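Laboratory data are not the source of any read-out in this text; all were calculated from the coordinates shown. This is a predicted model, so every value here is computed, not measured. Cβ placement follows ideal geometry from the backbone for every residue including glycine, while neighbour counts extend to all protein chains displayed.
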Amino acid sequence: MSFSEIFLMRNELLLVTAVLVILIADLSFDADKRKQFYYFSIFLVFIVTVSGLFPAKSGLLFGGMYQTGPLQAMMKNILNFSTLIILLQSWGWFSHVNQQKRIGEFMILLLSTLIGMGYMISSGHFLMFYLGLELATIPLAALAAYDYYNSKSAEAGIKLILLAAFSSGIILFGISLIYAITGTMYFEGAGQLIDGSTLSVLGLVLIFTGLSFKISLVPFHLWAADVYEGSPIALTSYLSVVSKGSAVFILLIVLNTVFASLNDIWDPLIYIIIIITITVGNLFAIRQRNIKRFLAFSSIAQAGFIMLGVINNSAFGVATVVYFMLVYMFSNLAAFGVVSAISAETGKESIDDYKGFYGTNPKLSLVMMLAMFSLAGIPPIAGFFGKFFLFTAAAEKGYYILVLIAVLNTIISLYYYLLIIKTMFIEKSDTPIPFFKSNLPMKISLVICVLGMVITGFTSGVFDYMVEMSDQLFSDMY
Amino acid sequence: MGSALVLIFAIMSVTSRKLLRAAIYLLFVLIGVAIFYLVLDYMFLAAVQIVVYMGGIVVLFIFSILLTSHLSEKLQVVKPLEFIIAALVSLIGAGVALSVISTHTFKPVVADSPEITVFEIGTQLLSYGKYGYVLPFEVISVLLLAAMIAAIVIAKREKKPES
């Protein structure tokens, strides 16, 4: 390994640098300069995000512990970009007087989970995978309990840390079984030595279960609604997009490399999980009256749809998942952006408060409408193409009944997404949320999301590029 | 004997209604694990287990229990139904895992050097080639930094906002 090769991990190196710089810079910005500090941190995250856009080389570092390539770089870009958007949306919440002092801690913890996700996605060794997972989880529990004078926030923190510990334990047990069979912790070696014995199936099921907690697939979803409701809204959107996305990505990589030979076993497993996840997610979403809980269940249902792409173990399947995550990021963050703006301005988080919102804040309602259409999958917007490709991926494997159930569920989801739109546009209220102007970072983030929703839907090149990149997972590296 | 010690005290530790007693039972569980390492000839690991876990972590547990709760305080009694469900789930889980592991034929491993020296562990830990562990070592340091900051964020009390 030569010195220049270390720049293969530039994403993580830059993030570590950013964390340390923020840690030190936090001391030098006084109480009246917190806004500058906020912009300074955003700028650092922006640099990291832009650095990811340069062409990425493939390679192994540290004897195969760390592996990277265009696909991993793309996944990290999506995560970095979502983090940037979430931070842009958070100024409304940060600007409250008692939060201003603590911007630094929030940024540091959020970025260190991003480092963990980077190492997790690039891991070529179960130890790195596990460490990345822990680094991506433990700080989140502290962030969930960030509003410690709010008992719901403390509850969210406790629930998150207990379930994280539990799921880590399950994953560790699975890893130990795989190690017992193969005698190696490297993905590459383990993948060649897995023989399809019952023990390796148990290992697969345990690792899959542990990751399902992170992705919040049913029946491992019970933490999601409470944690989403209790956490500060910036963290809620982070959990539902970045944290979930990273777990989906590593699941894709682990299934298609280590467990590639057990494909016959994980296919039916995912098949059943998909059906119950979309159905339960959708049915519970209809009943929710709190917008954060609503989005929690909607994101559970979306996770079920994502698994439709995972079930197809080819470059096309991987590409559909990565593409859908990109689209999902834009749509979900647009929705969370609007919710966050309203919550920071008025503190209202119930769906009933949104009545007559169009009359007072037409622009924000339009953004919300686009986001809901995209999440539901209405044609001209990117969400349609995302779902369409996922359905194609599952149909290609011959799972027509599964696709039929998924399409029926899309109709149910359309119902509850339209309910939100109806509440905002048609229903009248005596006390609608008054008109307010969003701050500049929020406006920028919403414009990016709307443009993203439209552009990724209309440019076919994006998807072709992803198929091309996903090929490397199946060819040159393994 | 070691596994009997671990099993009995692990069950006592999770069923005890007094926090301090649970922590002491945990101590015996950790001693049992140290015995495992000794049986396997991992002298260094056994020593680390005793020093770090028993000397450090359990003592920390006891400190934090004494600081945060009163000694006479008892944990809630588990409802019978919950107890039965939890016991069933863990028994089924243990049964599945045991039956699968016991029926699996493991490949014999050639044990060339039973004693791994501290010198070898040290060079492995800082080697960056294949089977070297310098990257996880460094990532753990980031993890610890994040965990420390996270602990401070939760523990630091400020006065309640007026609103």
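Below is a table of values for the structure above.
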{"read-out": "Peptides ranked, highest mean first, by Cβ atoms within 10 Å: ranges A:139-152, B:3-16", "value": "A:139-152, B:3-16"}
{"read-out": "Net charge of neighbours whose Cβ lies under 14 Å from the Cβ of residue B:19, counting Lys and Arg as +1 and Asp and Glu as -1", "value": "+3"}
{"read-out": "Peptide A:58-66, shielding by other chains (average Cβ, 10 Å cutoff)", "value": "4"}
{"read-out": "Within chain B, helix-based [θ] at 222 nm, where runs of 4 or more DSSP H residues each add -39,500 (n - 2.57), nearest 500", "value": "-21000 deg cm²/dmol"}
{"read-out": "Per-residue Cβ neighbour rank within 10 angstrom, fewest leading, A:331, B:141, A:298", "value": "B:141, A:298, A:331"}
{"read-out": "Per residue Cα convex hull volume in Å³ - calculated over chain B", "value": "221 Å³"}
{"read-out": "Sum of side-chain charges, residue A:162 neighbourhood, beta-carbon under 13 Å (Lys, Arg +1; Asp, Glu -1)", "value": "-1"}
{"read-out": "Which listed pairs, of A:363/A:437; A:101/A:214; A:76/A:101, have C-alpha distances above 21 Å, in listed order", "value": "A:101/A:214; A:76/A:101"}
{"read-out": "Shielding of B:137-144 by partner chains, average beta-carbon count, 10 Å", "value": "6"}
{"read-out": "Proximal lysines to residue B:79, defined as alpha-carbon separation beneath 24 angstrom and excluding residues fewer than eight positions away on the same chain", "value": "A:159, B:18"}
{"read-out": "Helix A:126-135 vs. chain A, principal-axis angle (Cα, 0 to 90°, nearest 10)", "value": "10 degrees"}
{"read-out": "Likely footprinting exposure, A:416, A:328, fewest C-beta neighbours within 10 Å first", "value": "A:416, A:328"}
{"read-out": "Whole-angstrom Cα spans of segment A:380-469 along principal axes, big to small", "value": "52, 30, 16"}
{"read-out": "Estimated Rh, segment A:161-203: Kirkwood, alpha-carbon pairs, angstrom", "value": "10.8 Å"}
{"read-out": "Globularity ratio of segment A:190-337, using Cα Rg and 2.2 N^0.38 Å", "value": "1.05"}
{"read-out": "Proximal aspartates and glutamates relative to residue A:292, as straight alpha-carbon distance under 19 Å, when same-chain residues fewer than 8 apart are discounted", "value": "A:147, A:155, A:226, A:229, A:345, A:349, A:352, A:353"}
{"read-out": "Ellipticity estimate at 222 nm from DSSP helix runs (n ≥ 4, -39,500 (n - 2.57)) divided over chain A, nearest 500", "value": "-24500 deg cm²/dmol"}
{"read-out": "Spherically averaged projected area in nm², based on the convex hull that wraps the Cα atoms of the protein assembly as shown", "value": "29.8 nm²"}
{"read-out": "Cβ crowding within 10 Å averaged over residues, with A:113-122, B:46-55, A:251-260 ranked highest first", "value": "A:113-122, A:251-260, B:46-55"}
{"read-out": "Chain A: angle of helix A:34-51 to the longest principal axis, Cα-based, in degrees nearest 10", "value": "30 degrees"}
{"read-out": "Radius, Kirkwood style, for segment B:1-78 when every pair of distinct Cα atoms is counted (Å)", "value": "13.2 Å"}
{"read-out": "C-alpha long axis of helix A:263-287 to longest principal axis of chain A, angle in °", "value": "10 degrees"}
{"read-out": "Protection proxy ranking of A:231-241, A:51-61 - average other beta-carbon atoms within 10 Å, highest first", "value": "A:231-241, A:51-61"}
{"read-out": "Label point distance in nm, residue B:119-residue B:72, each placed 7 Å from Cα along Cα→Cβ", "value": "6.0 nm"}
